[in-house]
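Engineer: Here it is: the structure, laid out below.
Values in this text are rule-based calculations from the coordinates and carry no lab data. Keep in mind the model is a prediction, meaning the values are calculated, not measured. Glycine gets a Cβ as well: all are built from the backbone with ideal geometry, and neighbour counts include every protein chain shown.
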Amino acid sequence: MTELPPSRPEPTLEAKSPFDLRVDLGKDVPETDVRTALAQGDMGFLHSFTTGSAVDGPGMRVVAWTTGCMWRCQYCHNPDTWTMRNGIPVSVTRAVEQLGKYRHGLKVMSGGMTISGGEPLMQHKFVFKVLEGAKRLGIHTAIETNGYLGAEVSDANLANLDLVLLGIKSWDPERHKDLTGRYIGPTLDFARRLAAVGKPIWVRFVLVPGLTDHADDIAGIARFAAGLGNVQRVEVLPFHQMGRFKWHQLGMRYRLEEAAPPTPEAQELACAVFRAEGLEAY
């Protein structure tokens, strides 16, 4: 099993491509102490703030992309979000104000707000204050998370969350650690907790030929998801190379340089495994 090298700060990626989602929100410089604001969750770090997403939850979504992630997924297409302070410091007030500009359009298009990353639960205080603001605006809320820090989320936090897009990368613990740098246990624990309180989940599984397409892995995830009782759908996401340029610009070794996307037949076969367990899969 390959061990990950010690973590080190990654250089900041300049926005030079249409695939880089960085959007200038402007510097949010509070009069109060920045460290206190960050510790209390009144301020956080965002990579970008985008509108018009149709692939990050139901309807049309506004997506806030946080920075900071403790995982090192081999196929990550946002490695520029791994280091928290690569983000733009933004206050909760600023983030909710930005969101409020789109509230009417989001309601018309049956959409809402999704907070992704990075890993949003690394900034859970900030994230859930933003989601609380979204709920006050009457906006549907979701997070996309690996669930590893789910124990940090309080029941009060969950009350401001309508949907969890939960990434399950692999069923086999050792394969999962090789793929992400972490074991899968805390992710599964968070899924079980969400099931216990009836919080809807969309499972997201990235299909990478030769890496995550093991039949036993897919079957294991399918059985687990079906047994939860709160999984509304499974999204089998085909691996792509749209983030490869980021690894290059950051000077980071990219282990999947020659990997190809799955064929349509492989994609459908994976979906069929989930459907056989009574799950909707796309």
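Engineer: With a sphere of radius 15 Å drawn around the Cβ of LEU194, what net charge do the other residues whose Cβ falls strictly inside it have (Lys, Arg +1; Asp, Glu -1)?
Structural biologist: Here the charged neighbours net out to 0.
Engineer: Let me ask another. Given R₀ = 35 Å, FRET efficiency for GLN241-ALA151 by Cβ-Cβ distance, to 0.05?
Structural biologist: The formula returns an efficiency of 0.55 here.
Engineer: Taking a ≥ b ≥ c as the square roots of the Cα gyration tensor eigenvalues, with a/c under 1.5 meaning rounded and otherwise prolate when a/b beats b/c, else oblate, which class fits the stretch 29-99?
Structural biologist: oblate
Engineer: OK, next. If you place +1 on the Cβ of every Lys and Arg and -1 on the Cβ of every Asp and Glu, how big does the dipole about the Cα centre of the chain come out, in debye to the nearest 20? Please list the in-between numbers first.
Structural biologist: Numbers: 31 positive and 32 negative charges, 122 e Å.
It works out to roughly 580 debye.
Engineer: For the chain, just give the cysteines left without a disulfide-compatible partner, judged by no other Cys Cβ under 4.7 Å.
Structural biologist: CYS69, CYS271
Engineer: Please give, to one decimal in nm, the separation of the simple spin-label points placed at ARG85 and VAL197, each 7 Å out from Cα toward the Cβ.
Structural biologist: 3.2 nm
Engineer: Could you work out the percent of alpha carbon pairs in the chain separated by over 34 Å, rounded to a whole number? Can you show the working numbers first?
Structural biologist: On the way: 6393 of 39621 pairs.
When all Cα pairs of the chain are counted, 16 percent exceed 34 Å.
Engineer: For the chain, what does the helix formula give at 222 nm: sum of -39500 (n - 2.57) over DSSP H segments with n ≥ 4, over the residue count, nearest 500 deg cm²/dmol? Mind showing how you got there, number by number?
Structural biologist: On the way: 10 runs with 92 residues, N = 282.
Result for the chain: -9500 deg cm²/dmol, rounded to the nearest 500.
Engineer: Still on this structure, I have one more. Residue-wise, which Karplus ³J(HN,Hα) couplings in Hz belong to the stretch 148-158, taking 6.51 cos²θ - 1.76 cosθ + 1.60, θ = phi - 60°, and x for glycine or proline?
Structural biologist: 3J(HN,Hα) across the stretch 148-158, in whole Hz: 4, 9, x, 5, 7, 8, 7, 4, 5, 4, 4.
Engineer: Just to be sure I understand the model, the point goes 7 Å from the Cα along the line to the Cβ. What's the resulting GLU174 to ALA272 distance in nm?
Structural biologist: 3.0 nm
Engineer: Let me ask something else. For the chain, give me the percentage of DSSP beta bridges that are antiparallel, rounded to the nearest 5 percent. Please report the intermediate quantities before stating the final value.
Structural biologist: Numbers: 9 of 34 bridges.
Antiparallel bridges make up about 25 percent of those DSSP assigns within the chain.
Engineer: What pairs in LYS107/LYS199; LYS107/LYS177; LYS169/LYS246; LYS125/LYS169; LYS169/LYS199; LYS107/LYS129 have C-alpha atoms more than 30 Å from each other?
Structural biologist: Values: LYS107/LYS199 21 Å; LYS107/LYS177 40 Å; LYS169/LYS246 21 Å; LYS125/LYS169 25 Å; LYS169/LYS199 20 Å; LYS107/LYS129 21 Å.
Flagged as over cut-off: LYS107/LYS177.
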